[in-house]
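The values are calculated or read from the model by the stated rules, or taken from the named source; none is laboratory data. Treat the numbers as computed from the prediction; the structure is a model and nothing was measured. With ideal geometry, Cβ positions are generated from the backbone for all residues, glycine too; neighbour counts draw on all protein chains shown. For accessibility, only protein heavy atoms count, side chains too; no ligands or nucleic acids. Shrake-Rupley method; radii C 1.70, N 1.55, O 1.52, S 1.80 Å.
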Amino acid sequence: MNVLTFDISADFGHFRKIYSTSSPLTYSIIPPTSFYGIIGAIIGLEKEENKYLQYINHETTKVAIQLINSVKKIRLGLNHINTKGNVWIPKQRREGARTQIRTEFLRFPRFRCYVHLRNEELFQQLVYYVKEHKNVYTVSMGLSECIANIEFVSLETFKNRTDKEAVEIVTAIPERLLQTLKIEAGKEYLKERLPIEMNSERIVSSYDEVLFEANGQPLIASVSSYWTNEQGKNIVFLN
């Protein structure tokens with residue numbers, strides 16, 4: 001299977017955890033449901049009425065995420081204004097001109113993304129845009145204010161493996177595929193519950209616990225299925 005590899009980085013990133021409301025928290029890595037929007041922005045699929053989700057979804061797209069930079073988070077105050085009624089008149093509003101919300105951000109996030117699209121035409125478009133360092137719509141790391149940069153890495157063939165022996169895996173691993181994990185000294189293991197599947201109405205239909213190392217180091221694990229290239233790099237798709 002042909003897999004496009006590229007890096008995405010930014011000064012800040014925010015992928016809001018669904019259960020956080022008044023003080024938004026962020027996932028440590030890009031959830032697949034957010035990554036669908038990133039691909040759609042690169043190749044120019046419309047966001048209106050969620051049309052991009054008709055072409056980029058859990059059934060048509062395979063994505064694996066590798067941490068390059070360590071997970072670092074900070075909290076900043078964001079000023080929100082009340083625009084109900086399609087008008088903003090601060091002096092005439094009882095609630096005041098703005099509300100400040102403490103929001104958690106990723107600091108200097110950088111991920112290596114492994115992508116395969118079932119639709120060959122869209123896949124070739126994605127390869128072209130990434131290689132040429134182009135995109136149709138602005139690519140962001142979650143929020144629109146977190147402008148991101150895309151860098152081409154490679155276009156390679158990966159083969160599926162189902163060995164039961166433990167191997168070195170560089171990407172995050174869904175718990176549903178994990179069989180055994182070797183705990184090593186000096187590594188910081190994190191696990192987060194990420195949204196995996198989302199329908200055309202942007203309703204999440206599936207979540208999964210995902211395991212990764214906080215500083216981007218590979219995991220030694222046996223999984224029910226993984227993919228490997230000619231250089232012996234092993235990845236696991238999240239969806």
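From the set of residues in segment 215-228 that are touching a Lys or Arg at 6+ places or on another chain (Cβ under 8 Å) and in a loop (DSSP other than H, G, I, E, B), which is least open to solvent (accessible area, probe 1.4 Å)?
Residue satisfying both the conditions and the ranking: Ser225.
Of the residues in segment 1-16, how many are open to solvent by 30 Å² or more (accessible area, probe 1.4 Å) and either in contact with a Leu (Cβ under 9 Å, 6 or more places away or on another chain) or under 12 Å from Thr103 (Cβ atoms) (or both)?
Count: 3.
Within the group Lys159, Lys164, which residue is at pLDDT below 95 and more than 21 Å from the chain's Cα centre (by Cα)?
Selected residue: Lys164, the only one of Lys159, Lys164 that is at pLDDT below 95 and more than 21 Å from the chain's Cα centre (by Cα).
Could you tell me how many of the residues in segment 140-188 are free of Cβ contacts under 8 Å to residues at least 24 places away in the same chain and either touching a Ser or Thr at 6+ places or on another chain (Cβ under 9 Å) or surrounded by 13 or more Cβ atoms within 10 Å (Cβ to Cβ) (or both)?
1
Check off (1) open to solvent by less than 40 Å² (accessible area, probe 1.4 Å); (2) at pLDDT 95 or above; (3) out of contact with any Gly (no Cβ under 7 Å at 6 or more places or on another chain) for Leu45 and give me the number that stays unchecked.
Only one criterion in (1) open to solvent by less than 40 Å² (accessible area, probe 1.4 Å); (2) at pLDDT 95 or above; (3) out of contact with any Gly (no Cβ under 7 Å at 6 or more places or on another chain) is unmet by Leu45, namely (2).
Could you check segment 109-150 and list, in sequence order, the residues that are closer than 15 Å to Asp11 by Cα and either part of a strand (DSSP E or B) or acidic (Asp, Glu) (or both)?
Hits for segment 109-150 are Arg110, Phe111, Ser140, Glu145, Ile147, Ala148, Asn149, Ile150.
Does any residue in segment 189-214 that is closer than 24 Å to Arg110 by Cα and open to solvent by 50 Å² or more (accessible area, probe 1.4 Å) come within less than 7 Å, Cβ to Cβ, of a residue that is part of a strand (DSSP E or B) and among the charged types (D, E, K, R) six or more places away or on a different chain, and which pairs are these?
Tyr189/Glu213; Lys191/Glu209; Arg193/Glu209; Tyr207/Arg193
Among (1) surrounded by fewer than 15 Cβ atoms within 10 Å (Cβ to Cβ); (2) closer than 25 Å to Tyr36 by Cα; (3) out of contact with any Asp or Glu (no Cβ under 7 Å at 6 or more places or on another chain), where does Gly232 come up short?
Against the list (1) surrounded by fewer than 15 Cβ atoms within 10 Å (Cβ to Cβ); (2) closer than 25 Å to Tyr36 by Cα; (3) out of contact with any Asp or Glu (no Cβ under 7 Å at 6 or more places or on another chain), Gly232 comes up short only on (2).
Residues in segment 104-139 that are open to solvent by less than 60 Å² (accessible area, probe 1.4 Å) and either touching a Gly at 6+ places or on another chain (Cβ under 7 Å) or small (Gly, Ala, Ser) (or both): how many?
Result for segment 104-139: 3.
Only one of these conditions is not met by Thr21: (1) open to solvent by less than 60 Å² (accessible area, probe 1.4 Å); (2) free of Cβ contacts under 8 Å to residues at least 24 places away in the same chain; (3) among the hydroxyl-bearing types (Ser, Thr, Tyr); (4) part of a loop (DSSP other than H, G, I, E, B). Which number is it?
(1)
Is there any pair linking a residue in segment 40-68 that is farther than 30 Å from Gln217 by Cα to one that is at pLDDT below 90 and hydrophobic (A, V, I, L, M, F, W, C), with Cβ under 8 Å and at least six apart or on different chains, and which?
Leu53/Met198
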